Amino acid sequence: MNKTTKGTIAASAAVLLLLGTGGSLAYWNSTANLGGQTISAGQLKVEQDAAAPVWKITHTSGAATTVADIAAVKLVPGDTLEYTGKFNITAQGQNLAFSVNLAKGSIAAATTGNAAANAALVTRLANTATFTVNGGAATTAGTVVTINEPTADLNGVKTHPVTITAKIAWPFGDSASPASDNAAQLGAVNLKDFALNIQQVDASL
């Protein structure tokens, strides 16, 4: 390669280096303020209504009676417990839709007492637990139910009153009795995870 060619290559490399780093070549430039604004997020939350929830119990095919202290109840096969609670869902945001469901695993074995009996009682009760939203169709815990219309306004806050009714039944005389029922005697369940879940869903669906 002759000296002239080498010089041309070296000069080209120097130009590329300068263009790449921007160290020596400059261009005119200017900036215009686009008028920055403050934006904020909406909200989605659920709170229990001031009214206390109500528990009722039905013995086999009898009438439902109100339970003053649910912790004092001693269940037997054939009993059905019914919980009714009122909640307020606060929704704020454009095109916001949401669903509600009773948390799966709401009925858990107590951590004290006979572990085997506790587990047996959970099996008998959890398999039959259902809930309804605002008097709609009964469904099992963990199933998502979409309620109300999407929040259409941009800034306004909408409050959606929701009534949840959950039923926990102990079947009487079905194919699993008496073996499963006997194993559940003196068992205990914990309802600390008996919870209502609210979750945003795609409003376009």
Quiz prompt | Residue, farthest from residue 52 (Cα to Cα), within region 96-116, restricted to residues that are out of contact with any strand residue (DSSP E or B) (no Cβ under 6 Å at 6 or more places or on another chain), exposed (fewer than 15 other Cβ atoms within 10 Å of the Cβ) and touching a residue at least 40 places away in the same chain (Cβ under 8 Å) | solution = 116
Quiz item: In region 161-200, what residues are charged (D, E, K, R) and not in a loop (DSSP other than H, G, I, E, B)?
Solution: 167, 181
Quiz item: Which members of region 16-73 meet the condition of being closer than 24 Å to residue 100 by Cβ, modelled with pLDDT under 90 and among the polar types (S, T, N, Q)?
Solution: 43
Quiz item: Looking only at residues in region 47-80 that are among the charged types (D, E, K, R) and part of a strand (DSSP E or B), which one is surrounded by the most Cβ atoms within 10 Å (Cβ to Cβ)?
Solution: 79
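Could you look through region 129-142, keep only residues that are buried (at least 16 other Cβ atoms within 10 Å of the Cβ) and either in a loop (DSSP other than H, G, I, E, B) or in contact with a helix residue (DSSP H, G or I) (Cβ under 7 Å, 6 or more places away or on another chain) (or both), and pick out the one that is modelled with the lowest pLDDT?
141
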Quiz item: When you scan region 94-128, how many residues do you find that are among the hydrophobic types (A, V, I, L, M, F, W, C) and either part of a loop (DSSP other than H, G, I, E, B) or not assigned by TED's automatic domain parsing to the domain that holds residue 160 (or both)?
Solution: 3
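The values are calculated or read from the model by the stated rules, or taken from the named source; none is laboratory data. The structure presented is a predicted model; accordingly, all values stated were derived computationally and were not measured. Cβ atoms come from the backbone with ideal geometry, glycine included; neighbour counts cover every protein chain shown.
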